[in-house]
Amino acid sequence: MAKAPQKIVLSGSRDIPFDRLILSQSNVRRVKAGVSIGELADDIVRRTLLQSLNVRPILDDEGQETDRFEVPAGGRRFRALELLVKQKRLAKNAPIPCVVKAANDDVSAEEDSFAENTFREQLHPLDQFRAMQAMIDKNEDVESIAAHFLVTPAVVNQRLRLAKVSPKLLDIYADDGMTLEQLMAFSVSDDHKRQEQVWELLAHSYNKSAQFIRDKLTEDAVRVADKRVRFVGIEAYLAAGGREAMRDLFQPDDGGWLTDPALLDRLVTEKLQAKGETIGAEGWKWVATAVDMPWGVTNGMRELEGVETPMTPEERDTLERLQGEADALEGEWMDAAEIPEEVHARLVALDEEIGALVDRPMTFAREDMARAGVVVSIDADGSLCIDRGYVRPEDEPVAQADEEQDVDAAPGQRAEPDDQDAGSATTVVPLGKSSDEEDDADEEVVKPLSDRLVAELTAWRTLALQDVFAQSPTTAFAAVLHAFVLASFYFASSESCLQISLNKPSFGFSPTGLRDSAPAKAIAERHKRWADRLPDSEKELWDALLQLDAAEQAALFAHCASLTVNAQQEVVGKYGTGRVSKHMIERRIAHSDILARAVGLDLVGAGWRPTVAGYFSSITKPRILADVAEAKGARFAEMIDHLKKGDMAREAERLLEDAGWLPEPMRMPDIADAFSAADAVEEEEAAPLPAFLDDDATPEVGNDDGEPIATAA
């Protein structure tokens, strides 16, 4: 019969007066770490001692036990108790719970000390989350919990947010089925069903990163930092029935996300309409409003010359007072190493107030206003961008015989006769991007890109070419010389893509957000730098140009020349009866390719990406699949071919984000075949699987034909 294992006998415990305890030299902890002794002492005051000390009797010279004990394990608790005695918050002979081991125990005191600090397991994060939630449920406030556990209230809020993730996902996390970073990403949304859908999506995705999870949970939301939200105001959104913003407590989120884009768009439209009517009440004939004003919206219009409104005596006094306060503050803090936040905030407020006074509004003659209009859009900071005083050619004064003809009331619409203008209400017209192309109904055929989309893509390409062209003065000189010789000797100016009369090209079609593209911003910043350097009067320009050195003249020349570049593939009428012919455009594009190669045009480096809004929403599902197959390989296309149009477009955007792929109209001829079928097959063998959605994983956003897709902002 097997012998039963001998049962162990635990060391006894007893209360020992504190003044009979001393810290053992066998305690292995020497380096301070974690909670300080003072903080531990305060915690003992609140909670008393939660863990006994481990002690051994001290032997005398004859090997007999004395009435004193050493503490080899529990040194930090001993020092905290010692501090309380010194502070007279604990009696020096207070009984201390101790576990007493024999002085001659086979296990050394050093080993006990080492074991106590080694065989301790930190509380699982999930248990931390749930413990804090339990305390909240018992009416503990966040600040008290933070104080008790020596953390900030922000940390407590983070833990509480994690405790509100779907119980199903918490169980997966408890079983080590997901990482803490992934769990933190799921906390962005409070929708447990959506959280679980995204988790199911990860099973089919090569991308399981926390950022991918956040992107999926917020793809149908609008950032609070979006200019539309700033324009409307978060308070108005909430008052209209919108929910509080989703927040990410673990990463900077610029205020979070709003979950009702439709409500936001309605509020934006209503407020723009109201602002337009208010501006129109000044006496303008028409007001055109848009969130993003189309490129070249004022092309062909005459800009009125207004008169700057003089300051009133009260405004002058206010300006002097504000400038005096600003000068005093700047003088006081000029040499300070650090400026207090309240002082900095006051200086910013003063600058804004001074700017509002110095930037004087313009006044216009009433008769001019009656035939002119205003263009209103939203700036990146959410403020209104108001451009007043534009007269369309149709609204210019005409002969008596023509006065009975109709003129446009606003861009794209008919107006009432002129004799009604003075008494009629201002026409406020929201400008939107409308499609004049027929939907592509044939799902089985990969049709060519629409003329409009080609025009939009090449408009983007034109701006990028202008930007890089301006940075190559040598090429600019050669290009302009080439255009001069063509016009002077060969009467063939159409052979050049430079509109050498310095006429800026106007894009008949332009993609959304073209004004905010990287090339557009670079051109605008360069133009402003030169405008600031040049004299105000054209009479002083010649002398000013002579003062520039050769390099500066060349740079200015290149900038001016770059503005004439037109590489857009414009839409030609069915019968070729427009201002440009198909042949002229072909020759222009051919020459633009020469320039692009000469200056090293890199559209990917310039910031263009195939996005849902800028590309995929304008093409059909077969075209999307063909593009993905061309750029990444047939296997990638096969793995998204079951998706709805909206989901397919978003997945295609992610797949091609870093692929360096360009649509055919944006490529140069010598790289048009860079993505060959052979290359696609090679990539198919080695590339990782893409992220894609099941049909039931995400609500349907678009249809299966060529209809535009509603995209998240």
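The values are calculated or read from the model by the stated rules, or taken from the named source; none is laboratory data. Predicted model, so just to flag it, every value in this text is computed and none were measured. Positions of Cβ are generated from backbone atoms using ideal geometry, with glycine treated the same way; all protein chains shown enter the neighbour counts. Just so you know, the surface numbers come from the protein's heavy atoms only, side chains and all, with ligands and any DNA or RNA stripped out. Shrake-Rupley method; radii C 1.70, N 1.55, O 1.52, S 1.80 Å.
Figures for the structure shown
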read-out: From Val291, Val287, residue being closer than 30 Å to Glu396 by Cα, in a loop (DSSP other than H, G, I, E, B) and among the hydrophobic types (A, V, I, L, M, F, W, C); value: Val291
read-out: Top-ranked residue of region 488-526 - restricted to ones that are within 27 Å of the chain's Cα centre (by Cα) and at pLDDT below 85, ranked as farthest from Ala455 (Cα to Cα); value: Asp516
read-out: Which listed residue, of Leu267, Leu272, is open to solvent by less than 30 Å² (accessible area, probe 1.4 Å), at pLDDT 90 or above and touching a Ser or Thr at 6+ places or on another chain (Cβ under 9 Å); value: Leu272
read-out: Test: residue in region 101-121 that is touching a helix residue (DSSP H, G or I) at 6+ places or on another chain (Cβ under 6 Å) and part of a helix (DSSP H, G or I); value: no
read-out: Region 377-398, residues that are on the phi > 0 side of the Ramachandran plot and not in a strand (DSSP E or B); value: Gly382
read-out: Hey, Gly241 within 18 Å of the chain's Cα centre (by Cα) and on the phi > 0 side of the Ramachandran plot or not; value: no
read-out: Of all residues in region 1-24 being of a type in the set (S, T, N, Q) and modelled with pLDDT of 80 or more, the one that is least open to solvent (accessible area, probe 1.4 Å); value: Ser24
read-out: Members of region 307-327 found to be open to solvent by less than 60 Å² (accessible area, probe 1.4 Å) and either over 22 Å from Arg360 (Cα atoms) or in contact (Cβ under 8 Å) with a residue 40 or more places away in the chain (or both), listed by number; value: Thr309, Met311, Glu315
read-out: Boolean, Leu384 is modelled with pLDDT of 80 or more, under 33 Å from the mean Cα position of the chain (by Cα) and surrounded by 15 or more Cβ atoms within 10 Å (Cβ to Cβ); value: yes
read-out: Checklist (1) open to solvent by 50 Å² or more (accessible area, probe 1.4 Å); (2) not in a helix (DSSP H, G or I) applied to Ala336, failing item; value: (1)
read-out: Counted residues, region 582-613 - those being open to solvent by 40 Å² or more (accessible area, probe 1.4 Å), of a type outside the set (D, E, K, R) and not in a helix (DSSP H, G or I); value: 4
read-out: Selection from region 66-81 of residues that are open to solvent by 30 Å² or more (accessible area, probe 1.4 Å) and out of contact with any strand residue (DSSP E or B) (no Cβ under 8 Å at 6 or more places or on another chain); value: Asp67, Arg76
read-out: Residue selected from region 276-295 under the condition out of contact with any strand residue (DSSP E or B) (no Cβ under 6 Å at 6 or more places or on another chain) and of a type outside the set (Phe, Trp, Tyr), by the criterion surrounded by the fewest Cβ atoms within 10 Å (Cβ to Cβ); value: Ala281
read-out: Helices (runs of 4 or more DSSP H) within region 149-204 that include 1 or more residues open to solvent by less than 10 Å² (accessible area, probe 1.4 Å), touching a residue at least 24 places away in the same chain (Cβ under 8 Å) and under 11 Å from Leu217 (Cβ atoms); value: 180-186, 192-202
read-out: Cβ pairs under 8 Å, 6+ apart, first in region 11-22 and within 11 Å of Val100 (Cβ to Cβ), second loosely packed, with under 14 Cβ neighbours inside 10 Å and modelled with pLDDT of 90 or more; value: Asp15/Pro95; Ile16/Pro95
read-out: Output for region 549-581, where each listed residue is hydrophobic (A, V, I, L, M, F, W, C), open to solvent by less than 30 Å² (accessible area, probe 1.4 Å) and at pLDDT 80 or above; value: Ala554, Leu556, Ala558, Ala561, Leu563, Val565, Ala567
read-out: Test result for Asp254, open to solvent by 60 Å² or more (accessible area, probe 1.4 Å), in a loop (DSSP other than H, G, I, E, B) and touching a residue at least 60 places away in the same chain (Cβ under 8 Å); value: no
read-out: Among the residues listed as Glu353, Glu342, the single one being in contact with a Leu (Cβ under 9 Å, 6 or more places away or on another chain), of a type in the set (D, E, K, R) and part of a helix (DSSP H, G or I); value: Glu353
read-out: Within region 446-466, tally of residues that are among the hydroxyl-bearing types (Ser, Thr, Tyr) and open to solvent by 30 Å² or more (accessible area, probe 1.4 Å); value: 1
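Conditions (1) at pLDDT 75 or above; (2) exposed (fewer than 13 other Cβ atoms within 10 Å of the Cβ); (3) in contact with a strand residue (DSSP E or B) (Cβ under 8 Å, 6 or more places away or on another chain), marked per residue:
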| site | (1), (2), (3) |
| --- | --- |
| Lys32 | no, yes, no |
| Ile44 | yes, no, no |
| Val55 | yes, no, yes |
| Gln64 | yes, yes, no |
| Leu83 | yes, no, no |
| Cys98 | yes, no, yes |
| Asn139 | yes, yes, no |
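Condition check ((1) open to solvent by 50 Å² or more (accessible area, probe 1.4 Å); (2) outside any helix (DSSP H, G or I); (3) on the phi > 0 side of the Ramachandran plot) across all residues:
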position	(1), (2), (3)
Leu643	no, yes, no
Asp647	no, no, no
Leu655	no, no, no
Gly660	no, yes, yes
